[in-house]
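Read the structure below first, then the notes.
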Amino acid sequence: MHARPTPTPAHQSGECMKLTTEARAVPAEAGAIRPETDALPLRSERQRMLRFLIVGAIGYVVDAGLVALQVRLLGFGPYVSRGPSFLAAATVTWLLNRKHTFEGLERHSASTSYRRYVLAQVVGGVINLSVYAAAIARIAICARYPEIAVAFAAGFGLGVNYSLARLFVFSGAGR
């Protein structure tokens, strides 16, 4: 005859796990390793980044097109025309990013999301212009070929704008 162990308080409270060969679902928070699904969030983030780039290109067309229209047809100066063109481009990219890039990640009302997005774009723009100016001032080839400085600035601005959009504006689950 085998002696049965005396039940402990953990056994009585149900805190002990029963060993079994049955297939059971393991909650994600239990640290289960699922190689077939662990890559999905990274892939989703890459897809978001690609969509963000495409939306940014559309925003550039809106921005540059409105600047050209205001300067050439309406006689506005190039600096004055940037205010309305920036706001129009930010509005278009917010709408497209909200619908196609970060769909399902909204945590704020549309008006709050829009204000946060425009603020994030302004921060990204300041960083973009700062990197541009620093590259022109400190890197000889950028002073000679400012389009190289634009490329540096665009890279930094893109990273900042995406990060702010993802973390500050569209910060819902799905990371």
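Each reported figure results from applying straightforward, stated rules to the coordinates on display, with no laboratory input. What you see is a predicted model, and the numbers here were worked out from it, not measured in a lab. Positions of Cβ are backbone-derived with ideal geometry, glycine not excepted, and every protein chain shown enters the neighbour counts.
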Review point. What length, rounded to one decimal in nm, is gained on full extension from Leu74 through to Ile54, with 0.36 nm per residue of separation minus their alpha-carbon distance?
Key: 4.3 nm
**Study point:** Net length gained if the chain between Thr112 and Thr91 were fully extended (0.36 nm per residue, minus Cα distance)
**Key:** 6.3 nm
Review point. Mind ordering 126-133, 87-94 by average Cβ neighbours within 10 Å, highest first?
Key: 87-94, 126-133
Check your understanding: Can you tell which of Gly77, Asn128, Phe102 lies farthest toward the positive end of the dipole of region 39-169, using +1 and -1 charges on the Cβ of basic and acidic side chains (Lys, Arg; Asp, Glu)?
Key -> Phe102
